[in-house]
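First comes the structure, then the notes that go with it.
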Amino acid sequence: MLKTNLIDVIKSFSKEELRSFFDFVSSPYHNSSGSVVKLVEQVKKYYPDFENRNFTKEKLFQKIFPSGEYNDQVMRNLLSDALQLCHEFLSEQWFRNNKTEKMRYLLHQLRIRNLDSLYDKNLKAAYKEVQKEHSLDFLFFENLYRLESEVFLNELTHNRQESIYPVVVRQGELLTYDYLSKLINHIIDMQVNETYYSIKDNNSFTKELFAGLNIEPILDKLKNGSEKEYSVFLIFYYRALLALKGKEEDYLEFKKIFMGHTKLFNRQTNYNLITTLETYCINNIKFNSAKYRAELHEVHRKSIELDLLKLYKEGYLNLLKFWNIFINSVEINQVQWAEEFAEAHYSDLEPDIREGAINFARAIAAYKKQDYDKALEILNRTKLSQFLFKLSIKTFYLRIYFEKGDYQSAGFALDSYKQFLYKNKTISDAYRSNYLNFAAMYNEIMKAASGEKRSTKEELLEKIESFSSNIHSKQWLLEMIDHIE
């Protein structure tokens with residue numbers, strides 16, 4: 001079977017994209033080779049799997065040149081030409097879907113051709129497009145700045161020097177807003193990687209620069225101008241404060257402003273903004289499980305209401321997002337809601353992880369209903385390769401064995417659990433410590449419950465509180481201590 005870069009690209013096409021690509025290749029404007037058209041026509045017959053014994057270079061060549069003798073160099077050239085057309089098609093698709101770039105390029109062409117009347121008309125349309133509701137993103141200020149840059153060149157071309165200064169001032173303002181917005185996103189990306197992976201803070205001057213900035217005058221300036229620009233920048237600003245300082249008042253302010261302006265942004269931006277709310281809740285569960293799990297559940301319901309479970313409408317649901325929604329609902333005893341969610345949305349996951357994800361969900365639902373044997377049976381056939389899910393599966397084995405009273409199996413599972421944590425070098429020390437503390441406390445409670453070691457509830461509670469918030473599944477451990485006689 002044929003395996004080439006061309007096939008890899010075409011595999012990524014939707015049915016609609018494949019049809020459009022064939023039209024693209026068939027157009028003399030884009031392609032003058034009839035042989036390439038025939039090649040693509042044959043290749044698309046094997047879409048989407050491309051798994052067929054007849055799908056070889058030799059068989060394709062025979063279809064393209066029925067009376068010709070196979071020539072590998074000719075075939076390689078055709079495949080290369082078709083791949084190049086794939087690249088051009090993808091570029092054109094992006095340009096076609098990016099109205100802002102199209103309009104800016106059109107303005108450039110109208111300006112250099114001295115078509116002033118059309119230029120003015122399209123400039124107004126471009127400003128409307130850039131500020132249109134349900135379309136704004138993290139490039140909002142950059143797009144406005146670029147339009148002002150086009151206006152600057154137009155004024156300069158027409159020798160209207162007296163009109164240039166206000167444009168330059170506006171450019172400076174937008175450049176500042178754009179820089180700060182991008183700086184905010186950069187800081188958040190840094191923060192996420194430092195939190196979840198074994199990366200040390202390298203005292204980046206980026207954070208120091210942001211921390212030392214006096215943003216208040218900028219906010220005052222925006223507040224006296226465009227309400228839309230003020231709202232957008234304020235949302236970005238509080239998002240950064242939330243990532244850097246993690247204060248509840250910043251969370252509440254960010255949530256209030258964002259929820260009141262979701263109609264401003266496009267899907268991808270709303271997805272990222274609501275994910276910020278989710279991340280804050282997840283990070284604070286260790287401090288107040290009941291409060292922040294309930295808050296997280298509310299945010300998850302809002303995500304579903306706004307149709308923001310997926311970054312792209314036609315894309316896949318992120319496994320971590322799926323799992324966070326499910327497991328958080330389970331932990332606040334919204335088991336039926338969690339089951340309904342999992343059954344309704346596991347098909348939105350990537351095909352190769354669907355079975356593992358839904359099995360895991362069904363196992364946990366069975367566990368919460370105290371059907372431990374069924375939960376173990378399903379867990380035993382649950383396969384997920386991602387580290388965090390392997391760790392979560394191992395954690396639930398421990399919980400099930402303990403609640404079932406099978407302390408021997410719990411002991412073996414605990415040894416495996418700790419080895420798994422020690423061997424993995426990719427997670428941060430803080431994250432590893434959180435789970436190792438859970439393992440240590442689990443061992444103490446298990447010994448007390450099995451009678452191996454005499455410990456009072458007061459002693460166990462004192463030990464668990466010594467870990468403060470740096471311990472995984474603290475609420476569950478407290479519940480298990482409460483059940484010890």
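All of the numbers you see were taken from the coordinates with simple rules; none came from a lab. Fair warning: this is a prediction, and the values are worked out from it, not measured in the lab. We place every Cβ from the backbone using ideal geometry, glycine too, and count neighbours over all the protein chains shown.
Assorted remarks:
- Longest DSSP-loop-exposure-free segment, trypsin sites (Lys or Arg not before Pro), the chain, at most 16 other Cβ within 10 Å: 248-312
- Across the stretch 289-385, the relative contact order, built from alpha-carbon pairs under 8 Å that are at least six residues apart, equals 21 percent.
- Between helix 164-196 and the chain there is an angle of about 30 degrees, using the helix long axis and the longest principal axis of the Cα atoms.
- Cα-centred dipole magnitude for the stretch 1-65, charges only on beta-carbon of K, R (+1) and D, E (-1), debye, nearest 20: 240 debye
- Ellipsoid semi-axes in whole angstrom, largest first, where each is sqrt(5λ) of the Cα gyration tensor of the stretch 289-385: 22, 19, 9
- Compared with the dominant Cα axis of the chain, that is its longest principal axis, helix 289-305 is turned about 30°.
- Computed label-point distance, nm, for sites GLN386 and LYS247 using a 7 Å Cα→Cβ extension: 3.3 nm
- Using C-alpha pairs under 8 Å with a sequence gap of at least 6, the mean separation divided by the residue count of the chain gives a relative contact order of 9 percent.
- Neighbourhood net charge (12 Å Cβ-Cβ; Lys/Arg +1, Asp/Glu -1) for LYS291: -1
- Shown here for the stretch 125-185: GluC sites (Glu not before Pro) in loop regions (DSSP other than H, G, I, E, B) with at most 16 other Cβ atoms within 10 Å, namely GLU133.
- Greater than 25 Å apart at Cα, pairs in LYS182/LYS228; LYS256/LYS474; LYS3/LYS45: LYS256/LYS474
- Residue-averaged [θ]222 nm for the chain, counting only DSSP H segments that reach four residues, each worth -39500 (n - 2.57): -23500 deg cm²/dmol
- Stretching LYS38 away from LYS15 to a fully extended chain increases their span by 6.4 nm, per 0.36 nm per residue minus the current alpha-carbon distance.
- The stretch 83-139 and the stretch 234-279 have Cα centres lying 29 Å from one another.
- Between helix 248-259 and the chain: long-axis angle, C-alpha atoms, 0 to 90°, nearest 10: 40 degrees
- Whole-Å distance, taken between Cα centres, linking the stretch 401-444 and the stretch 295-372: 25 Å
- Under a model in which nothing but the beta-carbon of Lys, Arg (+1) and Asp, Glu (-1) is charged, the chain shows a dipole of about 740 debye around its Cα centre.
- When only Cα pairs below 8 angstrom with a gap of at least 6 residues are kept, the stretch 22-71 shows a relative contact order of 27 percent.
- Each 5 Å bin from zero holds the following percent of Cα-Cα pairs in the stretch 387-485: 2, 13, 27, 24, 20, 10, 3, 1.
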